[in-house]
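Engineer: This is the structure, below, for whatever I ask next.
The values are calculated or read from the model by the stated rules, or taken from the named source; none is laboratory data. Because the structure is predicted, anything quoted here is derived from the model rather than measured. Quick reminder, even Gly has a Cβ in these numbers, built from the backbone with ideal geometry, and neighbours come from all protein chains shown.
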Amino acid sequence: MKFNELPLNNKLLSAISDMGYVNPTPIQEKAIPIALQGEDVLGLAQTGTGKTASFMLPILEKLSKGPLKKVRALVIAPTRELAEQIHQSSISLSKHMRIKSVSIYGGVSKFGQVKTLKNGVEIIIACPGRLLDLIGDGVINLSTVEMLVLDEADTMCDMGFLPDVRRILKYLPKDLQILFFAATMPDEIKTLTDDILHNPHTVQIGRIEPAKTVAHYIYPINSITLKTNLLLEFLKITPTGKVIVFTRTKHRAKRLWDDLESAKLNVTVLQGNMSQNRRQQSITGFQKGKYDILVATDMASRGIDISEVSHVINFDMPSTTDDYIHRIGRTGRAENTGEAITFLLPQDKKLLYKIESLLGYKIPEQYIDNFDYQQTIVPKKKTTVKPESEKVRNNYRKPNKKFQYKK
C-alpha cells in the first residue's frame, strides 16, 4: 500500500510527499483506515514504528472539514520531549492547511502557551500536569474536542500520570473518538482501556517485544566498579553510530557523563534535574550530531525520537522487562539494524532470565580481549583514562566507515 491509496485529502498527501514518505509503516497501514472511519483504536506497537502519523493523519483529515479556531483534537503525551515532537510532526503534516496546533507542558513559562491558545488552535498536544493547570486557570475549554489521543499510555502509567488522565477525561465530551497507543499493557492500562474505549479495533504489530532488527549481547562482570572502564574499552574497539547509554539513577548518569567527558568523548546527558532548555539542548545536540553519546535515565528519555542510534548500552540493568523494551526501542528503528548491550552483574540474572524468556532465546555472552576483569578500582574516584583515550575518540568519530545500517 502507498499513502496515496488512503482516503486523505490532497493537501495532506502533498505534505506527506514533501517529507519523503511513500509507503505507510505496518501500524500506519492498519490503524489509519480504521481511525478515518471514526472508530476507536487500541494500538500496540513498539516505539519507532510510526505511531505519530497513525493518529496525526486521521486527526488532520477530520479537522480539514468543519470549524477552525476551536479545540477539536487533544493529544496527551507523558513527556515534554514527546509532546514537542508530536507538535513538530503536526506542523509538518499541516503545512498546506490552515490548522494550528500548540504544545502544552511544564518547565517553561505559561505565557507563550496561553497567548497561542487565545489566538485560536484546533489541536492541543499536552502533558497532563500543565494541561490541568491551564484548565484550572480557565484558559482551556475541552468541551468541543472530537478526537482524543493517548500516546505512550504505558509510560504515563509508569510516571504516575493515570489519575491526572482520568481527571482530564471528566472535562471531555462522552461521545468523542479515542485513539490509544502503548508499547506494553500493564494491568492499570488494561483497566483504563476497558473503561474509556468504545468497541475498539485492536491493532498489534507483532508481539510486544524488542524489534527483530536488534541483536542482543550480555557483557558479564563481577563488580559495579568495572563498568566505566568496560564502557570505555567497548567504545574504543567498537565501530558505532549514535550511542545511548542508560543508567538507573540521575546521580549515576551525571557521574558517568563526567567520566566520559574526561575521556574526551563527545557526550551529553539527559536526566530529571535538568531545566527544559538544557534538556532540549542535549536532545537537539545528539540528534544533529554535535554529541555522539547520550547518557540517560529511563524516565528522562521516555518519548524521545532519535534516528540512527546504532547501539543502546544498558550500563545498569533496567528494573523490568517493560523498561528493557522501551530502552531497546531506541535502536533498530524503521528496519535499521542495531545492537543492545547489557553490562550484567550477578544480581541481575533473575531479570535476565525474564528478558530471555520474552525473546525466546538465550542472549549470547561477550568478553573483551585484554580487558582486566580482575582489576581493583577504588569507588568515588575519577576514572583514570589511559593515553589511548584520544584513540577512542578518533575511532568513534568515524562511524559511517565501519558501521553500516542495513535496511
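Engineer: Taking the stretch 209-251 only, how many residues are more than 26 Å from LYS288 (Cβ to Cβ), of a type in the set (Ser, Thr, Tyr), under 23 Å from the mean Cα position of the chain (by Cα) and assigned to a strand (DSSP E or B)?
Structural biologist: Going residue by residue through the stretch 209-251, those that are more than 26 Å from LYS288 (Cβ to Cβ) are 209-210, 212, 215-230, 233, 237, 248-249, 251.
Those left that are additionally of a type in the set (Ser, Thr, Tyr): 217, 219, 223, 225, 228, 249.
Applying the additional criterion that residues be under 23 Å from the mean Cα position of the chain (by Cα) yields 217, 249.
Those still in the list that are assigned to a strand (DSSP E or B) too: 217.
Residues in the stretch 209-251 being more than 26 Å from LYS288 (Cβ to Cβ), of a type in the set (Ser, Thr, Tyr), under 23 Å from the mean Cα position of the chain (by Cα) and assigned to a strand (DSSP E or B): 1 in total.
Engineer: Determine if the stretch 367-390 includes at least one residue that is over 28 Å from HIS251 (Cβ atoms), outside any strand (DSSP E or B) and modelled with pLDDT of 90 or more.
Structural biologist: Yes, because at least one residue in the stretch 367-390 is over 28 Å from HIS251 (Cβ atoms), outside any strand (DSSP E or B) and modelled with pLDDT of 90 or more.
Engineer: Now for a separate question. Name the residue, out of PRO24, PRO58, that is crowded, with 21+ Cβ neighbours inside 10 Å and assigned to a helix (DSSP H, G or I).
Structural biologist: PRO58
Engineer: Within the stretch 94-115, can you find the residues that are out of contact with any helix residue (DSSP H, G or I) (no Cβ under 6 Å at 6 or more places or on another chain) and either among the acidic types (Asp, Glu) or closer than 22 Å to LEU13 by Cα (or both)?
Structural biologist: Answer for the stretch 94-115, where residues must be out of contact with any helix residue (DSSP H, G or I) (no Cβ under 6 Å at 6 or more places or on another chain) and either among the acidic types (Asp, Glu) or closer than 22 Å to LEU13 by Cα (or both): ARG98, LYS100.
Engineer: Got a sec? Which of ALA53, ALA83 is at pLDDT below 95 and touching a Pro at 6+ places or on another chain (Cβ under 8 Å)?
Structural biologist: When all the criteria are applied, what remains is ALA53.
Engineer: Could I ask something else about it? Given the criterion small (Gly, Ala, Ser), in the same structural domain as MET97 (by TED's automatic domain parsing), on the phi < 0 side of the Ramachandran plot and at pLDDT 95 or above, identify the matching residue among SER143, SER109.
Structural biologist: After ruling out the rest, the residue left standing is SER143.
Engineer: How many of the residues making up the stretch 271-314 are of a type in the set (Gly, Ala, Ser), outside any helix (DSSP H, G or I) and at pLDDT 85 or above?
Structural biologist: 3
Engineer: Also, quick follow-up: From the list THR240, THR247, which one is in contact with a strand residue (DSSP E or B) (Cβ under 7 Å, 6 or more places away or on another chain) and crowded, with 22+ Cβ neighbours inside 10 Å? Explain how you work it out, then say what you get.
Structural biologist: Details: THR240 fails: crowded, with 22+ Cβ neighbours inside 10 Å.
Going through THR240, THR247 in turn, the sole match is THR247.
Engineer: So, in the stretch 160-175, of the ones that are surrounded by fewer than 18 Cβ atoms within 10 Å (Cβ to Cβ) and not in a helix (DSSP H, G or I), which residue ends up modelled with the lowest pLDDT?
Structural biologist: GLY160
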